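Below is a structure I'd like to ask you about.
The values are calculated or read from the model by the stated rules, or taken from the named source; none is laboratory data. Everything numeric in this text was worked out from a predicted model, so none of it was measured. Using ideal geometry, Cβ is built from the backbone for each residue, glycine included, and neighbour counts are taken over all protein chains shown.
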């Protein structure tokens, strides 16, 4: 929790596959494997086969670039001293934020005695690009994207408790309970037109405002992991949707040419995060209890249409002069599908286990051309991934990298439907006369993301002693010992005497009268020899010899 508080994941960008160094390196395929601390996120059933007490510490580092070249030119009058940029082409705007780190922390245990139950606690953020920041101005001219998006400093953290149980040697079930803590801190630009604006998007009519609000909610992830044989495994997990009803304060900025009384007001933000379904199958090549390599194919569904088909809604009862503002941040999201493929190859090397990973994935677009905008990277994504791992005794280190290309998109004239919000008209996208304001999202979009991931696993049982064998499972699982097959210590022929052992009692002497001297035995008289030698008896075999 302390680590996550230092640098939580921020809801400033659309989700990118995915959390965890091991998963990322293998094309974000992990639902049928889930054998480290990130199982509380991917598939909690994967905890059931994680023996011992473990700590997982990791995170993703994002380097995200995104740019937008708006079509057309500023509609202003270049002769107006307040709008000297008038009639110039719109400049390119880019995300100016730097690298962003999203941590992940999990602790799990089987209490050093359980073979079928594992519990865990942890905290993480969604795998998204945070600190997205677009400029308010470029070369002494207003940015053409200012009515769409400016900056987000919002955070979402999932403190989580999870448990998994081995129902049978081939079936594991698990559940994660998530507390969702959201803190929204957004900077936006709206339009305030009560008849004083000279033209559409007149910059002196801009109002730069901030919204700070918090919300608490709950969600759950249920998972199953099926391994009917040593060579085949299947995984399934479902995360429930998340409803966020945030309450906070909206602080408006006064436009330069509008003489009105604007005061901070209470604000209510309503938004949702989607249902997520993951399913996958894995082939595993085994050599006894050693996994040589595996290949996995996963599919992911995210229900963004139901979650944000219309978009987040902001309601502000009063801002001084302006009353009953009800603004919809148009998103028009669609459900997304992802296909992921990847695997790993394990080598017994460097006095441990060295792992090579590779994979790739395809994510469908979350929006149509009509609703493309810069606040989230909703473009189609194609990625290639690579990873390394090394395990020695109690320690395991994983590294992952993903090169994620957002497929460029051109929103043509007349195709866009993202418009400025007019606070003077109740937050509607209309001017003083009730006419629709022009679209501000028509133009060219492109993006690229480099994601680096690291994960460290410590197994305390092996750190302080030999790992405990377990007795419920399968012969191909490392550490499994069939009940009754435990090795017994061999008996030594002459055990060494322990100095702490009590001295043995002396053996009892035979019953003798030790006080009396032994009596002298009488002298034995020689036997009397017979006068005549005895005749030897003839045996039966002597006749046979004859």
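Would you mention how many residues in the range 347-398 are buried (at least 19 other Cβ atoms within 10 Å of the Cβ) and assigned to a strand (DSSP E or B)?
Adding up the residues that qualify gives 15.
What about residue 96, is it surrounded by fewer than 16 Cβ atoms within 10 Å (Cβ to Cβ) and either under 46 Å from the mean Cα position of the chain (by Cα) or on the phi > 0 side of the Ramachandran plot (or both)? Full working, then the answer.
On the way: surrounded by fewer than 16 Cβ atoms within 10 Å (Cβ to Cβ): yes; either under 46 Å from the mean Cα position of the chain (by Cα) or on the phi > 0 side of the Ramachandran plot (or both): yes.
Answer is yes for this residue.
Turning to a different aspect of this structure: Could you list all residues from the range 111-126 that are under 23 Å from residue 181 (Cα atoms) and assigned to a loop (DSSP other than H, G, I, E, B)?
125, 126 - these are the residues of the range 111-126 that are under 23 Å from residue 181 (Cα atoms) and assigned to a loop (DSSP other than H, G, I, E, B).
Can you pull out the residues in the range 396-417 that are over 24 Å from the mean Cα position of the chain (by Cα) and under 15 Å from residue 377 (Cβ atoms)?
Across the range 396-417, the qualifying residues are 407, 408, 409, 411.
Consider residue 454 against the criteria (1) farther than 30 Å from residue 38 by Cα; (2) in contact with a helix residue (DSSP H, G or I) (Cβ under 6 Å, 6 or more places away or on another chain): it satisfies all of them except one. Which criterion is unmet?
(1)
Which fully enclosed helices (runs of 4 or more DSSP H) of the range 1-105 have 2 or more residues being modelled with pLDDT under 95?
Because the criterion is at least 2 residues that are modelled with pLDDT under 95, the helices (runs of 4 or more DSSP H) in the range 1-105 that meet it are 2-6.
What number goes with the only condition from (1) outside any loop (DSSP other than H, G, I, E, B); (2) surrounded by fewer than 18 Cβ atoms within 10 Å (Cβ to Cβ); (3) within 25 Å of the chain's Cα centre (by Cα) that residue 108 does not pass?
It fails just one condition, (2).
Do you know which of the residues in the range 49-69 that are within 16 Å of residue 107 (Cβ to Cβ) and crowded, with 22+ Cβ neighbours inside 10 Å is farthest from the chain's Cα centre (by Cα)? Talk me through it step by step, then tell me what you get.
Residues of the range 49-69 within 16 Å of residue 107 (Cβ to Cβ): 50-59.
Cutting the leftovers down to crowded, with 22+ Cβ neighbours inside 10 Å gives us 50-51, 54, 56, 58-59.
Working: 50: 17, 51: 20, 54: 16, 56: 11, 58: 9, 59: 9 Å.
Result: 51.
Conditions first: (1) farther than 30 Å from residue 213 by Cα; (2) under 20 Å from the mean Cα position of the chain (by Cα); (3) modelled with pLDDT under 95. Residue 393 passes all but one, so which condition is the exception?
Single failed check for residue 393: (2).
To keep it simple, each residue is scored yes or no on (1) without any contact (Cβ under 8 Å) to a residue 40 or more places away in the chain; (2) out of contact with any strand residue (DSSP E or B) (no Cβ under 9 Å at 6 or more places or on another chain); (3) in a helix (DSSP H, G or I).
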position: 299; (1), (2), (3): no, no, no
position: 305; (1), (2), (3): yes, no, yes
position: 316; (1), (2), (3): no, no, no
position: 324; (1), (2), (3): no, no, no
position: 337; (1), (2), (3): yes, no, no
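Any chance the range 255-264 includes a residue that's closer than 29 Å to residue 122 by Cα, out of contact with any helix residue (DSSP H, G or I) (no Cβ under 7 Å at 6 or more places or on another chain) and in contact (Cβ under 8 Å) with a residue 12 or more places away in the chain?
no
A further question follows. List the number of the failed condition for residue 289; all other conditions in (1) surrounded by fewer than 17 Cβ atoms within 10 Å (Cβ to Cβ); (2) closer than 25 Å to residue 33 by Cβ; (3) under 19 Å from the mean Cα position of the chain (by Cα) hold.
(3)
In the range 339-370, what count of residues is obtained for those that are in contact with a helix residue (DSSP H, G or I) (Cβ under 6 Å, 6 or more places away or on another chain) and over 30 Å from residue 418 (Cβ atoms)? Break it down into steps so the answer makes sense when it comes.
Of the range 339-370, the ones in contact with a helix residue (DSSP H, G or I) (Cβ under 6 Å, 6 or more places away or on another chain) are 357, 366.
Subset that is over 30 Å from residue 418 (Cβ atoms): 357.
The number of residues fulfilling the criteria is 1.
Given the criteria free of Cβ contacts under 8 Å to residues at least 40 places away in the same chain, out of contact with any helix residue (DSSP H, G or I) (no Cβ under 6 Å at 6 or more places or on another chain) and surrounded by 15 or more Cβ atoms within 10 Å (Cβ to Cβ), does residue 430 qualify?
The answer is yes for residue 430.
Going by what's in this entry, would residue 118 be described as free of Cβ contacts under 8 Å to residues at least 24 places away in the same chain and either within 20 Å of residue 50 (Cβ to Cβ) or surrounded by fewer than 18 Cβ atoms within 10 Å (Cβ to Cβ) (or both)?
Working: free of Cβ contacts under 8 Å to residues at least 24 places away in the same chain: no; either within 20 Å of residue 50 (Cβ to Cβ) or surrounded by fewer than 18 Cβ atoms within 10 Å (Cβ to Cβ) (or both): yes.
It is false that residue 118 is free of Cβ contacts under 8 Å to residues at least 24 places away in the same chain and either within 20 Å of residue 50 (Cβ to Cβ) or surrounded by fewer than 18 Cβ atoms within 10 Å (Cβ to Cβ) (or both).
Given 247, 251, 221, 271, which one is under 29 Å from residue 424 (Cβ atoms) and buried (at least 19 other Cβ atoms within 10 Å of the Cβ)? It would help to see each step written out before you state the result.
Working: 247 fails: buried (at least 19 other Cβ atoms within 10 Å of the Cβ); 251 fails: buried (at least 19 other Cβ atoms within 10 Å of the Cβ); 221 fails: under 29 Å from residue 424 (Cβ atoms).
The match here is 271.
Taking strands (runs of 3 or more DSSP E) that fall entirely within the range 153-241, which contain at least 2 residues that are closer than 17 Å to residue 125 by Cβ?
Filter on the range 153-241 gives 155-168, 171-191, 206-229.
So, in the range 172-186, exactly how many residues are under 30 Å from residue 227 (Cβ atoms) and crowded, with 21+ Cβ neighbours inside 10 Å? Don't jump to the end; show me each part of the working.
First, the residues of the range 172-186 that are under 30 Å from residue 227 (Cβ atoms): 172-178.
Filter once more, keeping what is crowded, with 21+ Cβ neighbours inside 10 Å: 172, 174, 176, 178.
Qualifying residue count, the range 172-186: 4.
Residues to consider are 417, 500; find the one that is out of contact with any strand residue (DSSP E or B) (no Cβ under 8 Å at 6 or more places or on another chain) and either surrounded by 12 or more Cβ atoms within 10 Å (Cβ to Cβ) or at pLDDT 65 or above (or both).
417
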